[in-house]
């Protein structure tokens with residue numbers, strides 16, 4: 001192994017892996033990707049329901065505690081973080097969601113220049129390979145595979161119908177124009193290859 005590196009990346013979660021892949025695409029770059037855990041080849045990290053086993057397994061996860069806050073009624077909340085290649089994406093049920101648009105705009109308003117939703121959206125689009133194809137909200141040529149749920153459970157459909165009847169709007173893509181409403185999550189799984 002080289003003794004010097006041009007780039008050292010700490011953490012082989014989704015972002016760290018994508019960054020290491022892009023930087024190492026240039027053969028002139030020496031890239032070191034560090035991860036505290038091992039590979040994500042464990043059975044429970046390869047299936048969405050596996051989060052139930054993986055999230056508190058110390059071989060796959062480290063659990064931190066949040067500071068008590070008003071939003072948690074003064075409680076400290078467990079905060080599991082992935083400890084393997086794939087990071088927390090390998091222990092979160094393989095759900096892919098970018099987060100609330102307003103949160104990014106709030107960070108920018110608080111002084112985090114360049115972190116507004118309009119600023120980060122092109123980066124999200126560039127990193128993902130969305131099975132549903134490219135749009136103004138989604139990317140289709142990136143390294144991170146994103147697919148739709150394959151299980152068409154009647155209970156899920158009934159729950160979504162109930163949510164709409166109650167007044168929540170249908171949201172066909174939580175990573176699209178809006179995150180408000182009810183709908184189906186997408187997964188960080190390459191469903192096209194098996």
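What follows draws every value from the coordinates through simple rules; no lab data is involved. From a predicted model like this one, the values you see are computed outputs, not experimental measurements. Cβ placement follows ideal geometry from the backbone for every residue including glycine, while neighbour counts extend to all protein chains displayed.
Determine if region 62-76 includes at least one residue that is free of Cβ contacts under 8 Å to residues at least 60 places away in the same chain and within 18 Å of the chain's Cα centre (by Cα). Scanning region 62-76 turns up at least one residue that is free of Cβ contacts under 8 Å to residues at least 60 places away in the same chain and within 18 Å of the chain's Cα centre (by Cα).
Scanning region 43-82 for residues that are in contact with a helix residue (DSSP H, G or I) (Cβ under 9 Å, 6 or more places away or on another chain), in a loop (DSSP other than H, G, I, E, B) and under 20 Å from residue 144 (Cα atoms) gives a single hit, 46. Among the residues of region 23-61, those that are farther than 16 Å from residue 85 by Cα, over 19 Å from the mean Cα position of the chain (by Cα) and surrounded by fewer than 14 Cβ atoms within 10 Å (Cβ to Cβ) comprise 25, 26, 27, 28, 29.
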